[in-house]
1. In nm, to one decimal, how far is the modelled label at SER176 from the one at PHE32, with both set 7 Å along Cα→Cβ?
2. For the chain, what is the accessible area per residue in Å², given a 1.4 Å probe and the full set of protein chains?
3. Could you give the nm distance between label points at GLN99 and THR76, where each point is 7 Å from its Cα heading toward the beta carbon?
4. Which one of PRO102, TYR115, THR157 is farthest out on the positive end of the charge dipole of the chain, using unit charges on Cβ (Lys, Arg +1; Asp, Glu -1) and the Cα centre as origin?
5. Could you tell me the calculated FRET efficiency between GLU92 and LYS188, based on Cβ-Cβ distance and R0 = 45 angstrom, to the nearest 0.05?
6. Could you calculate the FRET efficiency of ASP85 with LEU148 from 1/(1 + (r/R0)^6), where r is the beta carbon distance between them and R0 is 35 Å, rounded to 0.05?
7. Beyond 27 Å between alpha-carbons counts as too far, so tell me which of LYS22/LYS81; LYS131/LYS188; LYS73/LYS188; LYS22/LYS44; LYS44/LYS110; LYS31/LYS81 fall in that bin.
8. Where the centre of each part is set by its Cα atoms, how far does region 41-117 sit from region 145-185, in angstrom?
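The values are calculated or read from the model by the stated rules, or taken from the named source; none is laboratory data. Bear in mind the structure is a predicted one, so any value in this text is a computation, not a measurement. A quick note on method: Cβ atoms are made from the backbone with ideal geometry, for glycine too, and the neighbour counts reach across all protein chains shown. Ligands, DNA and RNA are stripped out before the accessible areas are found, and what is left, the full protein with its side chains, is counted by its heavy atoms. Shrake-Rupley method; radii C 1.70, N 1.55, O 1.52, S 1.80 Å.
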Amino acid sequence: LPILSFGFGILSFLLIFNTNLKAAQADIYYKFGLSSEETGEVDKAIAIYRRAIQLAPRWDQYYTSLGVAYGLKAVTASDAKQRADLFEESLEALEHARQMSPLDPDIITKLGYIYWNWGILTSDPGQRAEKLEVALAHYQQAVTLSPLNHGHLLKDTIVRTYLRLGAIYTDLGKFSQAAEAYQKANEKAPDSY
């Protein structure tokens, strides 16, 4: 019986050590990924974030950073198909992070950011309007979840989104929707032009 207890103790120690070691390794990879992203090495950052996820798949921040990195790569893609695929990869990672932390306004804001960029880079005005509407919904949800922090930070972004939507609806001949978008922009920033 003492040998069994000793063996169980050693096994427990190894399991705890291995689990903590993987979490520490994942965090190191994550920080290297952030550094690579800051220096513009987005492909390298994506690979590093993927490694962090392999080591610690239960941390939403790793998926969030992976999604943002794919979004950064999508913005610079010259091919429309490649851009769309990268935006889809970005959304997949961010949606996974949101499933893990559904009330985190930072993740929701980043989803809005991805839809915003995808919308402004889309050539079809109807699809552009759809993506900007989704971006706006995410921004508004983030403000609802964190009005003091995100409300102030996103106010200008929300106003710009309404203004862009107004312009797109005008181009599409949807004048009542354009007027509604401009009115909402005016309500959010009545002192602005």
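1. Each label point is offset 7 Å from its Cα along the Cβ direction, giving 5.8 nm.
2. Details: 11530 Å² over 193 residues.
In whole numbers, the chain has 60 Å² accessible per residue.
3. Taking the two extended label points, one gets 3.0 nm.
4. Going by the Cα projections, it comes out as PRO102.
5. Details: r = 31 Å, r/R0 = 0.69.
Between GLU92 and LYS188 the formula returns 0.90.
6. Values: r = 37 Å, r/R0 = 1.06.
That gives a FRET efficiency of 0.40.
7. Numbers: LYS22/LYS81 36 Å; LYS131/LYS188 20 Å; LYS73/LYS188 32 Å; LYS22/LYS44 20 Å; LYS44/LYS110 20 Å; LYS31/LYS81 31 Å.
Distance filter (> 27 Å) returns LYS22/LYS81; LYS73/LYS188; LYS31/LYS81.
8. So the separation of the two Cα centres works out to 24 Å.
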